[in-house]
Amino acid sequence: MHGNNDESVVRVMNLILLGAPGSGKGTHAEFISESLGIPQISTGNILREAVKNGTESGLKAKSIMEAGGLVPDEIVIGVLKDRIAGADCKDGYILDGFPRNVAQAKALEEMGITIDRVINIEVPDEKIRQRLSGRRVCEGCGASYHVEYKPTKKDGVCDKCGGAAVLRKDDAPETVIERLKTYHELTSPLIEFYENKGKLHKVTGQEDVGDTKKLVLDAINA
């Protein structure tokens, strides 16, 4: 896919966005979705939607989810295949949060789902620990802050609703270390898998979100 003189996208692709927890992956997936006019597909969201709509795959997933189990890959991919058959996916889509490992990537191929390009946002672990351990989230309205980059006006109090802005358990330093360890164990082979296929494009996460967004678009248009 090549950009023309005004750097607009000529052909939209089926994309996967990879990135460790705290890399800003979700924000960039939203940005790509808005910029290219393609849907951002999160497996968690489509599973909930399939359950709500009572599809065959959704009903299978519902019984497992209600029992507290992990939904098997074949069901997740079945729900995913139903989703990308939607009219809004005809010009492409971006997968956010899937696949998580090589087995899931191979299962995508076996079901005939074509992925054109994989963007991996790389941020050093130490920077991620700093980002996440400094994050504070309002228990009331869900507004997000950071003790260094976006502090509340009053310590521990949400600017918007006055609720408590707290460190979530998921963002505690010891939890972040475990989350990153799990991510690297599962995803490093996945990165190598797509690199060997010539589909992987690496983007180094920048301090300024806007700079990272530009690099992501450059990688898509390369």
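Only residues that are part of a helix (DSSP H, G or I) and open to solvent by less than 60 Å² (accessible area, probe 1.4 Å): list them for the range 198-214, please.
Once the filter is applied, which keeps residues that are part of a helix (DSSP H, G or I) and open to solvent by less than 60 Å² (accessible area, probe 1.4 Å), the range 198-214 yields Gly210, Thr212, Lys213.
Note on the range 72-139: enclosed helices (runs of 4 or more DSSP H) holding 2 or more residues that are within 30 Å of Glu56 (Cα to Cα) are 73-84, 102-110.
If you go through the range 66-82 and keep only what is closer than 21 Å to Ala107 by Cα and either more than 21 Å from the chain's Cα centre (by Cα) or polar (S, T, N, Q) (or both), you end up with just Gly69.
Checking each residue in the range 162-180 for being assigned to a helix (DSSP H, G or I) and either more than 22 Å from Val118 (Cβ to Cβ) or not basic (Lys, Arg) (or both) picks out Lys169, Asp170, Asp171, Pro173, Glu174, Thr175, Val176, Ile177, Glu178, Leu180.
Within the range 38-55, the set of residues being surrounded by 12 or more Cβ atoms within 10 Å (Cβ to Cβ) and part of a loop (DSSP other than H, G, I, E, B) comprises Ile38, Pro39, Thr55. Screening the candidates Glu195, Glu185 for the property of being among the acidic types (Asp, Glu), modelled with pLDDT under 95 and part of a helix (DSSP H, G or I) yields one hit, Glu185. Among the residues of the range 168-178, the one identified as open to solvent by 70 Å² or more (accessible area, probe 1.4 Å) and in contact with a strand residue (DSSP E or B) (Cβ under 8 Å, 6 or more places away or on another chain) is Arg168.
The values are calculated or read from the model by the stated rules, or taken from the named source; none is laboratory data. Keep in mind the model is a prediction, meaning the values are calculated, not measured. Every residue, glycine as well, gets a Cβ built from its backbone with ideal geometry; the counts of neighbours run over all protein chains shown. The accessibility values were calculated without ligands, DNA or RNA, using every heavy atom of the protein model including side chains. Shrake-Rupley method; radii C 1.70, N 1.55, O 1.52, S 1.80 Å.
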